[in-house]
Each structure stands twice: as C-alpha cells, then as structure tokens.
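First the structure, in the form of structure tokens, and then the observations on it.
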Amino acid sequence: MRTIVITGGTDGLGRALALHHLSRGDRVIAVGSTPAKGRALLHDAARRHPSAADRAAFHQADLTSAAATRRLAATLRHTHPRIDALVLCAQRYRLLGPRHLTPEGLEHNFALAYLSRFLLSHDLRAALEAAPRPVIMNVATPGVPLGRIHWDDLQLTRGYSGTTATLQSFRANDLLGAAFAATHPRTPVRYITYNPGVVATGMPDHLPQPLRTLTRAAFRLIAAPPDTAIAPMCRLLDDPPAHPFTAYDRTRPLPLTRRAFDPEAALRLHRATRDLLDTLTPQEP
Ligand SMILES: NC(=O)c1ccc[n+]([C@@H]2O[C@H](COP(=O)([O-])OP(=O)(O)OC[C@H]3O[C@@H](n4cnc5c(N)ncnc54)[C@H](OP(=O)(O)O)[C@@H]3O)[C@@H](O)[C@H]2O)c1
C-alpha cells in the first residue's frame, strides 16, 4: 500500500487528491491547520469508501511555523518510515494588507508557501527514499514569469506588498525543486514542481473584498473543477518522470533551462534558507 502525505489535503486540490488516492486503496495523511476540516475529510472519505477509514489520517499543524513543520516531519518519520509521495499544497494567500509576521518573526507568505515546503522536502527525504519510486510534488506556479527573489531582503522588510511576497514565494518554489535535486544528486526522489492552472477551489474565500468577489467570478468563468485538474497530477504521481527534477504547467513539461530554475540561484537560495533556519530560536510546542 502506498503512503501519500498531502499538505493542504483538507481542501481544494489537496482534498481532491486525498479522496482520489483513498479510492485507489492508498494510505493518505492529510495536513491542515483546521481540525474541523480534517474531521470533515475523514468523514467524507469513510462515507465514500468504507475501507478508507483505516487508511485515512489527519494531522493538525500550522505550517507557518518552522518549529511546527519540523515537529510534523519528525512525527511522520516515526509513524511512517516509508513515504511514497509528498504533495505540497498548503497555501493561504495574503495578497493585500500589511506585512504579517509569524511568531518566529518570518514574513507569512515566505514561511507558509516556501519555508514549510523546504523543510518537509528535506526532512522527509529519508522516509521517501525508503519507497520504491518516491516523488515530491510541489504544487505552485512554475511557468508564470512574475515575481523575483529579493536577495538582499528575503523577509521584505522594505517596500512590502502582499503580492510581491506571494510572487517571491512562487519563484522560491521554482528554485526549491532545482536545489533539492542538486543537493541530493544520488537520491531516487523525483521532484516535480507543478502548476495546476486555474482551479475552482475555496482559495478566494480567504481573500479580502472586492478581490474575493472578483476572483470567484473569474473562477466561475475559467477555472477547472478540482476533480478534473488533478487528473494529470495523479498520472505524474503514479509514474514519476525519470529526470530528478521536472517542472510542469498542467500536462506541459517546462524547459529547465529557464531562468526560473537557474542552478546557481537555486543553490544560493538553498544556502540562504539554511542560514535563516540557523538563526531561528526553537519554539516550544
Ligand atoms: N486554485 C488555483 O487556481 C491554483 C492555481 C495555481 C496554483 N495553485 C496552487 O495549488 C495549491 C493548492 O491550492 P488550492 O487552491 O487547492 O488551495 P485551498 O483550496 O485554498 O486549500 C489550501 C489548503 O492549505 C491548508 N492551509 C492553509 N494554511 C495553512 C497553514 N498555516 N498550515 C497548514 N495548512 C494550511 C488549508 O487548510 P486549513 O484551512 O485548515 O489551514 C487547505 O487545506 C497551492 O499551493 C496553490 O498555490 C492553485
């Protein structure tokens, strides 16, 4: 039985993937910050597939916290020494409003959308390497030519905007995949950075007005339903590419020669992230 860990597995794309894999007989561990959403997922899974009750689990974790993310990884390594797939979907956009810091003093978008993915990718590598065809899918926006890494101010202390921070986290995830493959040249883990296109999830529910109404209206016109959008993702998770690092815009592989995946920039961000983690004071549980 394959074991699939899905952050953001209680809503949107992550939830659709969780229910799909449970229907297929896999074990699924969904991670989210809201226990009620976790309970709803488990209830829905058991209702749809009675056999899924024993194969579905929910872990509550606030992935804006590096300490909580590390605790989650430690727990998962202990409970599941073999993990076949890690799918990174947890996200909460803060496109507007003032700069928001986590209790560890990190900018929110950086912490949730990038740093938690960095930590889980690296901290679960050994458990993934115990599986026959391990894969990490980082669900982000590769192929979108917007945003950049603010090398001299990763926490965006100057000239902050939520959009700038969100776009920086997207570009950081492009580099995360490239750096993962470069720093672990012999790993069997296949790292896929994946853009699902526009998908009708509950993402707009958390946006401020009038952006919420506008995004919902746009979603009604152009967004794919999650059950449709996950089809190419499932194919990649079932049959990971041979290359250690790949990037896809839905079904289209993206050339890795693009600046977004520049190997030097990837290693530079990797080092900067490790340096940043070294400065964090461990938080009490
Ligand atoms: N939807 C799109 O059109 C679209 C387009 C391009 C890329 N993507 C990418 O696809 C991925 C999934 O997006 P989606 O639209 O499916 O998202 P979504 O429906 O908004 O779901 C987000 C998930 O993340 C979890 N989450 C949020 N904050 C968290 C935290 N602090 N700690 C732990 N979990 C947290 C949520 O659970 P809780 O609420 O319980 O925390 C929920 O399960 C994201 O990475 C997104 O950037 C989506």
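Below is a table of values for the structure above.
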read-out: Subset of the stretch 1-45 that is touching a His at 6+ places or on another chain (Cβ under 6 Å) and of a type in the set (S, T, N, Q) - its residue that is most open to solvent (accessible area, probe 1.4 Å); value: Ser23
read-out: Residues located in the stretch 132-144, provided they are more than 11 Å from Leu88 (Cα to Cα) and open to solvent by 10 Å² or more (accessible area, probe 1.4 Å); value: Pro132, Arg133, Thr141, Gly143, Val144
read-out: Total residues in the stretch 179-207, condition open to solvent by 50 Å² or more (accessible area, probe 1.4 Å) and farther than 25 Å from His270 by Cα; value: 4
read-out: Selection from the stretch 212-230 of residues that are more than 14 Å from Gly12 (Cα to Cα) and open to solvent by less than 50 Å² (accessible area, probe 1.4 Å); value: Thr215, Ala217, Ala218
read-out: Flag for Tyr248 being within 19 Å of His122 (Cβ to Cβ), part of a strand (DSSP E or B) and out of contact with any Lys or Arg (no Cβ under 7 Å at 6 or more places or on another chain); value: no
read-out: First in the stretch 187-209 and within 10 Å of the ligand (Cβ to nearest atom), second anywhere and modelled with pLDDT of 95 or more and among the acidic types (Asp, Glu), Cβ under 8 Å, 6 or more apart; value: Asn195/Asp249; Gly197/Asp249; Thr201/Asp11; Gly202/Asp11
read-out: Any hit, the stretch 181-201, residues being more than 17 Å from Leu17 (Cα to Cα), of a type outside the set (Val, Ile, Thr) and in a helix (DSSP H, G or I); value: yes
read-out: Residue among Leu146, Leu221, Leu154 that alone is part of a loop (DSSP other than H, G, I, E, B) and within 16 Å of the ligand (Cβ to nearest atom); value: Leu146
read-out: Looking only at the stretch 154-170, and only at residues there that are touching a Phe, Trp or Tyr at 6+ places or on another chain (Cβ under 9 Å) and either without any contact (Cβ under 8 Å) to a residue 60 or more places away in the chain or crowded, with 23+ Cβ neighbours inside 10 Å (or both), the one that is farthest from Val135 (Cα to Cα); value: Leu156
read-out: Residue in the stretch 243-250 that is farther than 18 Å from Ala85 by Cβ, within 14 Å of the ligand (Cβ to nearest atom) and either at pLDDT 95 or above or open to solvent by 20 Å² or more (accessible area, probe 1.4 Å) (or both) present; value: yes
read-out: Pairs, first more than 17 Å from Leu63 (Cα to Cα) and more than 8 Å from the ligand (Cβ to nearest atom) in the stretch 10-22, second open to solvent by 10 Å² or more (accessible area, probe 1.4 Å) and at pLDDT below 95, C-beta under 6 Å, six or more apart; value: Leu22/His49
read-out: From Thr251, Thr213, Thr279, residue being hydroxyl-bearing (Ser, Thr, Tyr) and closer than 20 Å to Phe118 by Cα; value: Thr279
read-out: Hits in the stretch 51-84 (condition: open to solvent by 40 Å² or more (accessible area, probe 1.4 Å) and more than 13 Å from the ligand (Cβ to nearest atom)); value: Ser51, Ala53, Asp54, Arg70, Ala74, Thr75, Arg77, His78, Thr79, Pro81, Arg82
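The values are calculated or read from the model by the stated rules, or taken from the named source; none is laboratory data. Model, not experiment: these values are computed from the prediction. Every residue, glycine as well, gets a Cβ built from its backbone with ideal geometry; the counts of neighbours run over all protein chains shown. When the accessible area is computed, the model is the full protein with side chains, heavy atoms only, and any ligands, DNA or RNA have been set aside. Shrake-Rupley method; radii C 1.70, N 1.55, O 1.52, S 1.80 Å.
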